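Student: After the structure tokens below, expect a handful of questions from me.
The values are calculated or read from the model by the stated rules, or taken from the named source; none is laboratory data. Not measured: the values here are computed from a predicted model. Cβ placement follows ideal geometry from the backbone for every residue including glycine, while neighbour counts extend to all protein chains displayed.
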Amino acid sequence: MAAARQALSSSSSSSNKKLVECFYDVLSPYTWLGFEVLCRYRPIWNMELRFRPVSIAGIMHSTGNRAPALVPKKGEYISKDLLRMAKYYQVPLHLVKDFLGSVLEKGTLEAMRFVTAVDMAEPQFLEPVSRELWMRLWSRDEDITQPESILAAAERAGLSSDQARKLLEMSSSPEVKNRLKATTDEALKYGAFGLPSFVAHINEEPHLLFGSDRLELLGHLLGEKWLGPVPTPSKL
Ligand SMILES: N[C@@H](CCC(=O)N[C@@H](CS)C(=O)NCC(=O)O)C(=O)O
């Protein structure tokens, strides 16, 4: 909350942009869809978009929730829904063959600690590093748990191998672990129970929205027009 207040005061003094926080973990495929569409709207809507890395495992554990894919019928539905949404949202998402074993079991804690280190030390790389991790896992079905996988994503995002190694070292520090936990706690305080969780700050009131399918409503709350998942200049 303190971070949101600080971002609000520094942004609102220089512009009227409304702060939108996107709480995310690269384990979540639905979040990737929402993340990409919000990036497309950043130059269109009068908003300041802030990416906030969290731990989805921490959110699930604290709220007593669990991954919907663990309910077999939901898992079946989600496999179809994700592909339909990916096509509609124009995000190159494909299904992971062994989601329960290779993703849920191993988790993304190391990857999200790395992302948090990037946020703290090289914030200009936060967006591309997150995208490259999603590309590895949810587009090419590649590992993101091993250090070399994380380093490969970081270098693809434009970090030098030296920078990436330093960030990897930093990602096991208490500062980074505490920051990831603090951001996860912030999301929980806003009422998050899953991801993506977006928090729109309107008239100093935080509004929590859950789901990549809530972006039209987000636009409505911001007083902005929804132009579909792929807004083009001709529609402006
Ligand atoms: N309808 C939502 C589904 C989002 C979703 O299922 N997110 C998962 C992680 S990928 C989650 O956290 N689910 C928690 C829940 O459904 O309670 C969307 O379109 O984004």
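Student: Tell me which residues, restricted to the stretch 180-204, are farther than 20 Å from residue 120 by Cβ, away from the ligand (no atom under 16 Å from the Cβ) and surrounded by fewer than 19 Cβ atoms within 10 Å (Cβ to Cβ).
Tutor: Scanning the stretch 180-204 gives 189, 202, 203, 204.
Student: For the stretch 83-105, which positions are outside any helix (DSSP H, G or I) and of a type in the set (A, V, I, L, M, F, W, C)?
Tutor: Those that are outside any helix (DSSP H, G or I) and of a type in the set (A, V, I, L, M, F, W, C): 91, 93, 95, 96.
Student: To continue, here is another question. Starting from the stretch 29-44, take each residue that is away from the ligand (no atom under 12 Å from the Cβ) and list its partners that are of a type in the set (Lys, Arg) and modelled with pLDDT of 95 or more, counting only C-beta distances under 9 angstrom and pairs at least six apart or across chains.
Tutor: 36/131; 39/131; 44/225
Student: Same structure, new question: Can you tell me which residue within the stretch 76-103, out of those that are small (Gly, Ala, Ser) and under 23 Å from residue 215 (Cα atoms), is surrounded by the fewest Cβ atoms within 10 Å (Cβ to Cβ)?
Tutor: 79
Student: Across the stretch 144-179, which residue is nearest to residue 123 (Cα to Cα) among those that are crowded, with 17+ Cβ neighbours inside 10 Å and among the β-branched types (Val, Ile, Thr)?
Tutor: It comes out as 176.
Student: Out of everything in the stretch 61-110 that is of a type in the set (Asp, Glu) and within 14 Å of the ligand (Cβ to nearest atom), what residue ends up being nearest to the chain's Cα centre (by Cα)?
Tutor: My answer is 81.
Student: Then there's this: Could you grab me the full set of residues in the stretch 56-70 that are surrounded by 15 or more Cβ atoms within 10 Å (Cβ to Cβ) and not in a loop (DSSP other than H, G, I, E, B)?
Tutor: If the condition is that a residue be surrounded by 15 or more Cβ atoms within 10 Å (Cβ to Cβ) and not in a loop (DSSP other than H, G, I, E, B), then 56, 57, 58, 59, 60, 62, 69 are the ones that fit.
Student: Got a number for residues in the stretch 113-140 being closer than 20 Å to residue 82 by Cα, surrounded by fewer than 19 Cβ atoms within 10 Å (Cβ to Cβ) and touching a Leu at 6+ places or on another chain (Cβ under 8 Å)?
Tutor: Qualifying residue count for the region: 1.
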